[in-house]
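Here the structure is laid out as structure tokens; the discussion comes afterwards.
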Amino acid sequence: MNRSQFPDDFLFGVATSAYQIEGHKFGGAGSTHWDTFAATPGNVVRAEHGQLACNHYHNYEADFDLIAAAGFDTYRFSISWARVIPDGFGAVNQDGLDYYDRLTDAMLERGLKPAATLYHWELPSALDDLGGWRNPDIAKWFGDYAEVIMNRIGDRMFSVATINEPWCVGWLSHFLGAHAPGLRDIRATARAMHHILCAHGTAVNRMRDMGLKNLGAVCNFEFSNPTDETPENVAAAARYDAIYNRFFMGGIFHKKYPDLVLEGLEQHLPKGWQDDFDVIGTPVDWCGINYYTRSNIRAAKGAWPNLDTVEGPLDKTQMGWEIYPEGLYEFIMRMHNEYTKGIPIYVTENGMSNADVVANGEVNDAARIAYLESHFDAAKIAIAAGAPLAGYYVWSLMDNYEWALGYEKRFGLVHVDFETQVRTPKNSMKYFSEALRQKIK
Ligand code: IFM
């Protein structure tokens, strides 16, 4: 890959999130539902948590030096709600505001465009006590929080996204129980999924009223592949696709939910849900795609959505995720043609975990370079086909806390030794230094 193969103003960046790197114990942050989820046996590998993580809270200057030295244009980071407002609403933590202020200036000093995300999965515990995403009041709480943090740093943001990966916040966390708050309840799921979108729209409106620009939504997508062409398996894959890839996009861009999802969730949605689409469908300036893999789906007996995910035949990453770059092309084109219709699209996350080790001061992660190359190729084909793809953020700057999988899964372009906090740029980071060398912006 070479910068010159992309449009002149195309942006390359790296992405992280607050809880996965900062070190939550520093700076007066409040308890979050991830802290208690991780402290409950069986939820997280070795009960690992984000209290120290990469200690980015203290190392951010050196971490940003690495990003700038590699020639990236932009940095996608998230803000911890509980660091800014420890109980989610009410008293503000000035140290938290000061921290994000310093962080912003440190990016700008290095020529990095700050791309903020308001929520990347650590909900203040006090809000969880009140039902978290199941409580309709979360739209107001989230809007208030957006105002507080953006009053302080909004003047210097390149872009602001609301809620990272609504499918994970809603379905993965309330239906599959794999992420905090670890529920497995269809009513909780329906309510959370709807309120996530209400909170998204409320925050966009509040920030728009403050005069902020370049406000976006970020969804994750997984290509849904029927295990064979039998009608029941094709139908199961369509259900999976609707739940995963079409519910949130449908709400935001079509102001309606797909019938294939309503057939299971409608009876559990909160009263009056149909009246919320003007808020949910508040116009955004851009949309982000987080893409990693595909799933192989077949029909199953039992309750809706009657489907199973089965292992597929393709090469896999350390996560066990199949490598399927064609899916990235499909989602960029689908987003543009069916939903966003002209506004800029960003790949806001793409990357792979790999069992990386440091040997003689080097990390040879050729597999990651190949993964990224194949996905950049898919992006180039989408651009050639007319998609307004404006930038690409690699997940992730450095190895970090991979949620329920703890510290074992390494997604970084930079290796982190979690005992010593020593950073070692991997060969993939060196690959970017070469590919992005001609900084033309
Ligand atoms: O680490 C996560 C990130 O927090 C959200 N998107 C997917 C990544 C890899 O699983």
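How big is D for the range 52-118, in µm² s⁻¹ as a whole number, if Stokes-Einstein is applied with the Kirkwood radius of its Cα pairs at 25 °C and 0.890 mPa s? The Stokes-Einstein estimate is 193 µm²/s. Shown here is the pair-distance distribution of the chain: with all Cα-Cα distances grouped in 20 Å bins from zero up to the longest one, the shares run 26, 63, 11, 0 percent.
The DSSP beta bridges internal to the range 309-441 are antiparallel in roughly 55% of cases. When the alpha carbon gyration tensor of the range 216-353 is reduced to an equivalent ellipsoid, the three semi-axes, largest first, read 25, 22, 11 Å. The ratio of the alpha-carbon radius of gyration of the range 330-441 to the globular-protein estimate 2.2 N^0.38 Å is 1.22.
What percent does the relative contact order of the range 339-441 come to when contacts are Cα pairs within less than 8 Å and at least six residues apart? All intermediate terms of the calculation are to be shown ahead of the outcome.
Details: 141 pairs, mean separation 33.0, N = 103.
Here the relative contact order equals 32 percent.
Phi angles across the range 289-296 convert, under the Karplus curve 6.51 cos²θ - 1.76 cosθ + 1.60 with θ = phi - 60°, into 3J(HN,Hα) values of 10, 9, 9, 10, 7, 10, 10, 9 Hz, Gly and Pro given as x. In this simple spin-label approximation, residue 420 and residue 377 carry label points 7 Å from Cα along the Cα→Cβ vector, and these lie 3.8 nm apart.
Computed FRET efficiency, Cβ-Cβ of residue 94 and residue 355, R0 35 Å: what is it to the nearest 0.05? Before the final figure, lay out the partial values.
Values: r = 42 Å, r/R0 = 1.19.
In this case the efficiency is close to 0.25.
Look at the alpha carbon pairs under 8 Å that are at least 6 residues apart: their mean separation over the length of the range 86-207 gives a relative contact order of 31 percent.
Per residue, the range 209-293 exposes an accessible area of 41 Å² to a 1.4 Å probe, with every protein chain left in place. For residue 11, the residues whose amide H sits under 5 Å from its own are 391, 392, ignoring neighbours fewer than 5 places away on the same chain, with H placed 1.01 Å from N. What the Cα convex hull of the range 172-265 gives, in volume per residue, is 118 Å³. Couplings 3J(HN,Hα) for the range 124-134, derived from phi with the Karplus relation 6.51 cos²θ - 1.76 cosθ + 1.60 (θ = phi - 60°), are x, 4, 5, 6, 4, 4, 8, x, x, 5, 7 Hz, where x marks Gly and Pro. Let me check I've understood the local charge: for residue 32, count other residues with C-beta under 10 angstrom from its C-beta, Lys and Arg +1, Asp and Glu -1. What total comes out? Result for the local shell: -2.
Roughly how far apart, in whole Å, are the Cα centres of the range 1-57 and the range 249-318? With the range 1-57 and the range 249-318 each reduced to a Cα centre, they are spaced 24 Å.
What is the percent carbon and sulfur in the accessible area of the range 130-288, measuring with a 1.4 Å probe over the protein chains and ignoring ligands?
On the way: 2890 of 5840 Å².
Reported share for carbon and sulfur atoms: 49 percent.
Considering only alpha-carbon pairs that sit under 8 angstrom and 6 or more positions apart, the relative contact order computed for the chain is 18 percent.
Residues whose amide H lies under 5 Å from that of residue 293, counting only those 5 or more places away or on a different chain, are 223; hydrogens are built 1.01 Å from N in the peptide plane. As a rough guide to protection, the peptides 360-371, 62-73 ranked by mean Cβ packing within 10 Å, highest first, stand as 62-73, 360-371.
The values are calculated or read from the model by the stated rules, or taken from the named source; none is laboratory data. Every value quoted in this text rests on a predicted model; they were computed, and no experiment measured them. Positions of Cβ are generated from backbone atoms using ideal geometry, with glycine treated the same way; all protein chains shown enter the neighbour counts. Please note that ligands, DNA and RNA were not included when accessible areas were found on the heavy atoms of the full protein model with its side chains. Shrake-Rupley method; radii C 1.70, N 1.55, O 1.52, S 1.80 Å.
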